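Step one of this worksheet: look at the structure below.
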Amino acid sequence: MAANEAAKLIEDNLASVIRGKPDALRLVLVALASGGHVLLEDVPGTGKTTLAKSLARSVDGVFRRVQFTPDLLPADITGSSFYNSKEGVFEFREGPVFTNVLLADEINRTSPRTQSALLEVMSENQITVEGRRRDLPQPFFVIATQNPVEFHGTYPLPEAQLDRFMIRITLGYPGPDDEVEILYSQNDRHPFESLAPVASCADVLRLQEEVRKVQVERTVAQYIVKLVEALRADMRLDLSVSPRGSLSLYRTAQAAARLEGRDYALPDDVKRLAVPVLAHRIMLDTKARYGGARPETVIAETLDSVAVPR
C-alpha cells in the first residue's frame with residue numbers, strides 16, 4: 001500500500017471514533033510520520049485513551065497503557081530480570097514499553113526518576129538492562145497525557161524533558177453538534193469496538209522513510225532558523241528553542257507536506273506547525289507570565305515579525 005494512502009486511511013479511521021477534531025488528528029499523524037512522540041494536555045474524558053487505542057488498532061499494532069502513579073518504578077516501565085527457579089537462570093520480563101503504541105497516562109503523577117526512564121526510552125528507542133541492549137518494536141510511538149488543571153500530588157515535567165516531545169496537542173471539548181453525534185454513536189456500542197485495521201506497522205515505517213525524502217528548500221530551512229533566532233532574542237523568555245526544537249519543526253514540516261501528497265515543504269507548513277511544535281519548549285520569565293503573556297502568543301507575534309520567504 002502506498003504510504004500516502006495508508007495515512008489517509010488511518011486518519012479516516014481515527015475520525016470515525018474521535019469526532020470533530022480533524023486538526024488534532026492530523027497533528028497526531030504528523031508526529032507519527034515524523035518518528036516523534038505526542039504530549040496530550042487535556043482534562044479527563046476528552047478521548048485521549050480512545051485516540052491512542054484507535055491508532056494502535058488502525059495500524060494493526062500492539063497497544064499498552066501505563067497509569068503513572070507516585071510509586072511507579074523505572075523497572076515497571078522498561079522491564080526487569082527475574083530468577084527462574086525451574087531453569088536456574090535469570091530471565092528478562094519485558095515491560096510495557098515493548099509495544100507499538102504506548103499510552104503514558106498522567107505522566108506528571110510519577111516521580112522524576114520514572115519520568116526520565118520513559119523519556120530516555122523515547123529518545124533512544126531501546127533500553128539497556130544489566131549491560132545488554134534491547135531494541136524496542138518499530139514503530140514505537142508514545143502518547144503521554146497530563147491534566148493541565150489539577151496539580152495536587154503531581155511532578156510537572158521540566159522544560160528539558162518537555163523538549164523530548166515533538167508535538168503538544170490539546171483535544172478540547174467537542175462542539176455541540178459533534179457532541180450530539182458522539183451521544184448517538186454510542187447507542188448500541190462504542191465505535192471503537194467496530195474499528196478494524198486499515199494499515200500495518202510496515203506501512204507506518206514506509207511513511208516515515210518517505211517523510212525524510214521530502215525536499216526542503218534552503219530558504220525554508222533558513223526561515224525555520226530565523227524564527228528560532230527571533231525567539232532566542234526575545235527578552236520575555238527565560239528558556240528558548242533548542243536545536244532539537246528547530247529540527248522537530250523541520251521534520252514535521254516534511255511530514256505535513258507528505259501527508260498532503262507533496263514531495264516538498266512550504267513556509268506555510270512551518271507556520272501551521274510552529275505553535276504545536278515550539279510552544280511547550282519555551283519558558284516565559286516571571287514578568288511576562290504575570291503580564292498575561294502566553295507561549296502561543298509569543299510565537300504568533302514572532303511569526304508576524306519574521307519575513308516569509310517567497
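The values are calculated or read from the model by the stated rules, or taken from the named source; none is laboratory data. Just so it is clear, the model here is predicted, and its values are computed rather than measured. Positions of Cβ are backbone-derived with ideal geometry, glycine not excepted, and every protein chain shown enters the neighbour counts.
For the reader, a short list of remarks on this structure follows.
- Of all the residues in the range 222-237, those that are part of a loop (DSSP other than H, G, I, E, B) and among the charged types (D, E, K, R) number 2.
- Checking the stated criteria, THR69 turns out not to satisfy the condition of being within 25 Å of ASP203 (Cβ to Cβ) and either crowded, with 17+ Cβ neighbours inside 10 Å or not small (Gly, Ala, Ser) (or both).
- Unmet requirement for GLU260, which otherwise passes all of (1) touching a helix residue (DSSP H, G or I) at 6+ places or on another chain (Cβ under 6 Å); (2) free of Cβ contacts under 8 Å to residues at least 12 places away in the same chain: (1)
- Unique match (being of a type in the set (A, V, I, L, M, F, W, C) and touching a residue at least 40 places away in the same chain (Cβ under 8 Å)) among VAL211, VAL225: VAL211
- Selection over the range 78-96 of residues that are over 24 Å from GLY45 (Cα atoms) and touching a Gly at 6+ places or on another chain (Cβ under 9 Å) gives a count of 7.
- Qualifying residue in the range 288-296 (condition: part of a helix (DSSP H, G or I), of a type in the set (Gly, Ala, Ser) and at pLDDT 95 or above): no
- Qualifying residue in the range 203-218 (condition: loosely packed, with under 15 Cβ neighbours inside 10 Å and over 28 Å from GLN138 (Cβ atoms)): yes
- LEU249 part of a helix (DSSP H, G or I), within 16 Å of the chain's Cα centre (by Cα) and surrounded by 20 or more Cβ atoms within 10 Å (Cβ to Cβ): yes
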